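K.L.:
Sharing a structure here in structure tokens format.
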Amino acid sequence: MTSHSDKLPRVLVVEDEPSIRDSIVYALESEGFAVDHTASGGEALAHLQATQYALVVLDVGLPDMNGFDLCRDLRLRSQVPVIFLTARASEADRVVGLELGADDYVTKPFSPRELSARVRANIRRAQLNAQPAPLPNAVAPRARSGLPFEVDYERWQICYYSSPLTLSRYEFRLLVALIEKPGRVYSRAQLMDLAWEEPDASMERTVDTHIKSVRAKLKSVCADVDPIVTHRGIGYSMREHW
């Protein structure tokens, strides 16, 4: 028999500070979420292997491992939304988190009510993405003429020189937008409109972060060519001539 709690969105909270953890758990349960919690990265990995979660709230500073490392490991096998919690407010730390595939970033001290709202918003965006629709004017899976890319829209998969890329949903959408129109220069705002469900809630710097991550993944396949062209002060385009 399925219990009521089994029907609720289940969230994993990974936080080693008991007072903060208890506050988060209480706030999320009050908002109608089912919540599991742990104080270490090792226990979190065990939970993630055994249970399917709607979202993970992840503290960066854990006693047994860095939260960034845990997220990196998680992204090898799952695209579950991740919200980082950290006492570090520097831009560099936020950029690292986004590059690893985090969906949101909350700096301590924070309002549990605000965190609950962010959890709900990120779960909603992930659910909207569960049945991915092609970008405007997208066509059936095929190799883009003249380019070393093959895009499979139904599987959210892009192959580069026949090698499949491991991409987050935003990385996939950004790369598809560039592949579809080689040589066209997109501003950051235009790319956000194409790739993000709620572009007004994100910062344009987020585009730079995701482009950097995509470049690194392309370079891991072919180090000799940078297919994405930066137009300083404007935005980005896909290389038109190869």
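K.L.:
Could you tell me the calculated FRET efficiency between Tyr26 and Thr166, based on Cβ-Cβ distance and R0 = 30 angstrom, to the nearest 0.05?
P.N.:
With a Förster radius of 30 Å, E is 0.25.
K.L.:
If each of Asp193 and Arg155 carries a label point 7 Å out from its Cα toward its Cβ, how far apart are those two points in nm?
P.N.:
The answer from the label model is 3.3 nm.
K.L.:
I need the calculated FRET efficiency for the pair Asn66 and Ala117, taking r as the beta carbon distance and R₀ as 30 Å, to the nearest 0.05.
P.N.:
Once the sixth-power term is evaluated, E becomes 0.65.
K.L.:
Quick one: if the Förster radius is 51 Å, what FRET efficiency do Asp16 and Lys181 give, using the C-beta to C-beta distance and rounding to 0.05?
P.N.:
Values: r = 47 Å, r/R0 = 0.92.
The pair Asp16/Lys181 has a calculated efficiency of 0.60.
K.L.:
Among residues other than Ser30 whose Cβ falls under 14 Å from its Cβ, what is the net charge (Lys/Arg +1, Asp/Glu -1)?
P.N.:
On the way: positive: Arg113, Arg120; negative: Asp22, Glu29, Glu31, Glu114.
With Lys, Arg at +1 and Asp, Glu at -1, the neighbours total -2.
K.L.:
Full-extension gain between Glu43 and Leu76, please, as 0.36 nm times their residue separation minus the C-alpha to C-alpha distance. Don't skip to the end; give the middle numbers.
P.N.:
Working: separation 33, 0.36 × 33 = 11.88 nm, distance 1.77 nm.
Full-extension gain reported as 10.1 nm.
K.L.:
Here's a follow-up. Once amide H atoms are built 1.01 Å from N in the peptide plane, which residues 5 or more positions from Gln157, or in another chain, come under 5 Å H to H?
P.N.:
It is Asp152, by chain and number.
K.L.:
On to the next question. Cross-link partners among lysines for Lys219, C-alpha distance below 30 Å, same-chain residues fewer than 8 apart left out?
P.N.:
Lys181
Rule-based calculations on the coordinates, nothing more; no lab input. Predicted, not measured: the structure shown is a model, and the values here were computed from it. Positions of Cβ are generated from backbone atoms using ideal geometry, with glycine treated the same way; all protein chains shown enter the neighbour counts.
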